[in-house]
Amino acid sequence: MASFTLHGIPVSRGISIGRAHLLTPAALDVKHYLVPEEQVEAEVKRLQDAIAEVHRNLQELWTELPKEAPTELGAFIDVHVLILSDPMISEAPLDIIRSRHYNAEWALVTQIDELSAQFDEIEDPYLRERKQDIQQVAERVLKVLMGTALPAPPPVGEDHFQPQMIVVAHDISPADMLAFRDRSFVGFVTDVGGQNSHTAIVARSLDIPAAVGMSQASRLIEQDDWVIVDGDAGVVICNPSALVMEQYRARQAALLKARKRLLKLKKTPAVTKDGTAITLLANIELPDDCGPALDAGAVGVGLFRSEFLFMGRGAQGLRVPDEDEQFEQYRKAVLAMKGRPVTIRTLDVGADKPLDQTEHTALNPALGLRAIRYCLAEPQMFLAQLRAILRASAFGKVRILIPMLAHAFEIDQTLNMIAQAKAQLREQNVKFDETVEVGAMIEIPAAALALPMFVKRLDFLSIGTNDLIQYTLAIDRVDYEVAHLYNPLHPAVLSLIAMTIEAGHKAGIDVAVCGEMAGDVKLTRLLLGMGLREFSMHPAQLLAVKQEILSSDLTRLVPRTRRILRAMEPAAIADAVEQLQSV
Ligand code: PEP
Ligand code: MG
């Protein structure tokens, strides 16, 4: 097997080694998990039962056909019955469950993908068309299966039936990426995507090595190829030689060792050498992330991306979560953090986080009805979320964070909505924290250039550098073709961040950075020198950032950072930032 190397964009650190698992868009719609040995036969039976039920449904359809129905309709049902009885559908997926331990849905979709690829090769257009019938039959079975889904078992780690698997796909949505948290997979490779796309962010939060923007990976890599993902370099090596494999295994072991060493810092306070205390907070997507946040020593949650409670539900036939369901989730996070503050960001859907996969209608979604714009256009849904957050504030310290604000009237309307939600709760005698703080994400350049408008109305600021960079430099954070232009060290970006930190301090309100810059150890000293005292990041990065903080001396960093902020030459800035590492 030929060995080859692909270069793309590194998005989630570390090294993973495993067998390639190619995922097609259809396969992404179903759950993926490995079934423990003792449950394999039950899983086989689940699929057999679903197939039998579809058989019964088709028979019923036949008998209920009105006499005057066109004959094609009966023939169509016959074709589906024939397909369903074919061993390629009725038996091959059962073998996949037994040999690979895939759950039933995954096994069925894997088999259908293989069949579809064979059909694509057929020259006869009539036969080629039958591919659609096969897919329709599979969809019938999947529908029944989804109704009988058992909860996924806990992660099984390395299954002796199955070496660790690396997902290779053209693209993966953030919601699908989050669904991979059961850890059946140890690495991700996609053809498209950018450094700070939400898919990349979720990969980082799952702490799984990933590389995106590989352009042809899903065509060049074949099912079950051996693959190494170097998530630090953005390199993927397919079918490596024994020597290369050995080198990477050694690097992987060294990385693991270094990580273990970092764990010793968990309880060490984050204080610079000159005695300045720094607040290290966690970014979370779901309440369950609070465990890893506490394990990493986070003193609170700086960003709870609440939209992950809303996304990807359409595929499961669910509507957006109602007030009670949201309240339970927010309360769960608040209780898990045991009195530490939890900053809940209101719904930030749109752009690369559509509420549903099918909802991609905006011409330019990153500039469209996203985040607070969407919420203000859907006041009932927004009020329900605000009430749910406020109710959770009765169980611990909660702060409300509003994404994508740019206009004074948006801030005023939002504050009015919060006042309205509070009034509704008071009327119902429902308890909440009357003094709950409200903050703004500073992630649109217009906001950073009009800070007096913000500090006057709000209690704290949180800089969303991911979007701030996207909108300042006019590059779509999801588009790998312009990913090389995404530069946190652009002088315009640094000026906007510095201005925000300074304006917050002058007004006496907290300023955090919750974008990916906060978790990048190469930028920790620069941000400290700029006056940042609150960092919010994925738990996986927190201890490495703390290590940087412990060895930083602000008295030395501040004058150097001032010089960097005056510089306008990108190469000189990059050089000077690198030199901060040795200060
Ligand atoms: C940001 O824009 O930096 C941010 C933290 O929010 P998100 O990445 O979810 O857009
Ligand atoms: Mg943002």
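Against the conditions (1) farther than 25 Å from S218 by Cβ; (2) of a type outside the set (A, V, I, L, M); (3) touching a helix residue (DSSP H, G or I) at 6+ places or on another chain (Cβ under 6 Å), where does D86 fall short? Just the number, please.
For D86, the failing item is (3).
When the residues of the stretch 310-326 are narrowed to those that are more than 16 Å from ligand 2 (Cβ to nearest atom) and open to solvent by less than 20 Å² (accessible area, probe 1.4 Å), which ends up modelled with the highest pLDDT?
So the first thing to find is which residues in the stretch 310-326 are more than 16 Å from ligand 2 (Cβ to nearest atom), and the list is 312-326.
Now restrict to residues that are open to solvent by less than 20 Å² (accessible area, probe 1.4 Å): 321, 326.
Working: P321: 94, Q326: 98.
My answer is Q326.
Which helices (runs of 4 or more DSSP H) does the stretch 498-583 wholly contain that include 3 or more residues that are without any contact (Cβ under 8 Å) to a residue 24 or more places away in the chain and surrounded by fewer than 23 Cβ atoms within 10 Å (Cβ to Cβ)?
554-566, 570-580
State yes or no: is M404 touching a helix residue (DSSP H, G or I) at 6+ places or on another chain (Cβ under 6 Å) and outside any helix (DSSP H, G or I)?
yes
Is it fair to say D274 is in contact with a helix residue (DSSP H, G or I) (Cβ under 6 Å, 6 or more places away or on another chain) and either assigned to a helix (DSSP H, G or I) or at pLDDT 95 or above (or both)?
So D274 passes the test.
Answer with yes or no whether G302 is buried (at least 17 other Cβ atoms within 10 Å of the Cβ), within 21 Å of the chain's Cα centre (by Cα), modelled with pLDDT of 95 or more and within 20 Å of L178 (Cβ to Cβ).
So G302 passes the test.
Residues of the stretch 82-119 being open to solvent by 30 Å² or more (accessible area, probe 1.4 Å) and either over 32 Å from the mean Cα position of the chain (by Cα) or closer than 17 Å to V144 by Cα (or both), which ones?
L82, S85, D86, P87, M88, E91, D95, Q118, F119
Let's see how each residue does on (1) within 21 Å of the chain's Cα centre (by Cα); (2) open to solvent by 10 Å² or more (accessible area, probe 1.4 Å):
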| site | (1), (2) |
| --- | --- |
| K332 | yes, yes |
| T346 | yes, no |
| V349 | yes, no |
| G368 | yes, yes |
| A371 | yes, no |
| A377 | no, yes |
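One line per residue, one yes/no per condition, for (1) acidic (D, E); (2) assigned to a helix (DSSP H, G or I); (3) farther than 21 Å from Q223 by Cα; (4) out of contact with any strand residue (DSSP E or B) (no Cβ under 6 Å at 6 or more places or on another chain):
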residue	(1), (2), (3), (4)
H55	no, yes, yes, yes
F76	no, yes, yes, yes
L82	no, yes, yes, yes
E105	yes, yes, no, yes
V109	no, yes, no, yes
D113	yes, yes, no, yes
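If you scan the stretch 456-477, which residues turn out to be under 26 Å from the mean Cα position of the chain (by Cα) and open to solvent by 50 Å² or more (accessible area, probe 1.4 Å)?
Matches in the stretch 456-477: A474, D476.
Identify, please: which residue in the stretch 429-438 is in a loop (DSSP other than H, G, I, E, B) and charged (D, E, K, R) and is, among those, nearest to the chain's Cα centre (by Cα)?
Here the residue is D433.
Go through (1) farther than 27 Å from A572 by Cα; (2) at pLDDT 95 or above for A518 and report which single condition fails.
(1)
Give the number of residues within the stretch 177-195 that are within 19 Å of L355 (Cα to Cα) and surrounded by 24 or more Cβ atoms within 10 Å (Cβ to Cβ).
Here the count works out to 2.
Here is a yes/no grid of residues against (1) within 16 Å of ligand 1 (Cβ to nearest atom); (2) open to solvent by 10 Å² or more (accessible area, probe 1.4 Å); (3) under 27 Å from the mean Cα position of the chain (by Cα):
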{"position": "R387", "(1), (2), (3)": "no, yes, yes"}
{"position": "I400", "(1), (2), (3)": "yes, no, yes"}
{"position": "P403", "(1), (2), (3)": "yes, no, yes"}
{"position": "M417", "(1), (2), (3)": "no, yes, no"}
{"position": "E427", "(1), (2), (3)": "no, yes, no"}
{"position": "A440", "(1), (2), (3)": "yes, no, yes"}
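Starting from residues that are out of contact with any His (no Cβ under 8 Å at 6 or more places or on another chain) and surrounded by 14 or more Cβ atoms within 10 Å (Cβ to Cβ), keep the ones in the stretch 122-138 and report whichever is farthest from V109 (Cα to Cα).
R130
Does the stretch 446-478 hold any residues that are away from ligand 1 (no atom under 12 Å from the Cβ) and in a loop (DSSP other than H, G, I, E, B), and which are they?
Those that are away from ligand 1 (no atom under 12 Å from the Cβ) and in a loop (DSSP other than H, G, I, E, B): L449, A450, K456, R457, L458, D459, A474, I475, D476.
Just to be sure before I move on: is N416 outside any helix (DSSP H, G or I) and farther than 27 Å from E502 by Cα in the structure I sent?
Considered against the rule, which asks whether it is outside any helix (DSSP H, G or I) and farther than 27 Å from E502 by Cα, N416 comes out as no.
The values are calculated or read from the model by the stated rules, or taken from the named source; none is laboratory data. For clarity, every value in this text was computed on a predicted model and none was experimentally measured. Counting neighbours? That spans all protein chains shown, and the Cβs are built from the backbone with ideal geometry, glycine included. Note: areas computed on protein heavy atoms with side chains; ligands, DNA, RNA excluded. Shrake-Rupley method; radii C 1.70, N 1.55, O 1.52, S 1.80 Å.
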